[in-house]
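Chemist: I'd like to ask some things about the structure below.
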Amino acid sequence: MTAAPAKTVPCPRCGAPALYAPGNPWRPFCTERCRVIDLGNWASEAYRVPVPLEPPVDAAPGEK
């Protein structure tokens with residue numbers, strides 16, 4: 001039985017190939033630096049999930 005080849009994925013921060021395996025403690029990031037930058041962006045609210053603030057004008061009362 002042969003071992004499966006190591007899987008690489010693009011780093012979500014910089015796009016560099018990152019080893020997606022237990023041997024990479026920062027996975028899915030390529031380095032600790034990319035992981036920390038991404039965490040900082042979440043902490044400073046640089047990443048946001050868009051949410052509509054008001055229902056559409058053409059909605060009937062009680063509908064969203």
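The values are calculated or read from the model by the stated rules, or taken from the named source; none is laboratory data. Remember, predicted model here, so these are calculated numbers, not experimental data. Cβ coordinates were reconstructed from backbone atoms using ideal geometry, including for glycine residues, and neighbour counts include every protein chain displayed. Please note that ligands, DNA and RNA were not included when accessible areas were found on the heavy atoms of the full protein model with its side chains. Shrake-Rupley method; radii C 1.70, N 1.55, O 1.52, S 1.80 Å.
Chemist: Compute the distance in nm between two label points, each set 7 Å from the Cα along the Cα-to-Cβ direction, one at Arg33 and one at Ala6.
Modeler: 1.9
Chemist: May I ask you to derive the FRET efficiency for Cys14 and Leu53 from their Cβ-Cβ distance with R0 = 22 Å, giving the value to the nearest 0.05? All intermediate terms of the calculation are to be shown ahead of the outcome.
Modeler: Details: r = 33 Å, r/R0 = 1.50.
Efficiency for this residue pair is about 0.10.
Chemist: How would Glu32, Glu45 rank on accessible area, largest to smallest, probe 1.4 Å?
Modeler: Working: Glu32 95, Glu45 115 Å².
Accessible-area ranking of Glu32, Glu45, largest first: Glu45, Glu32.
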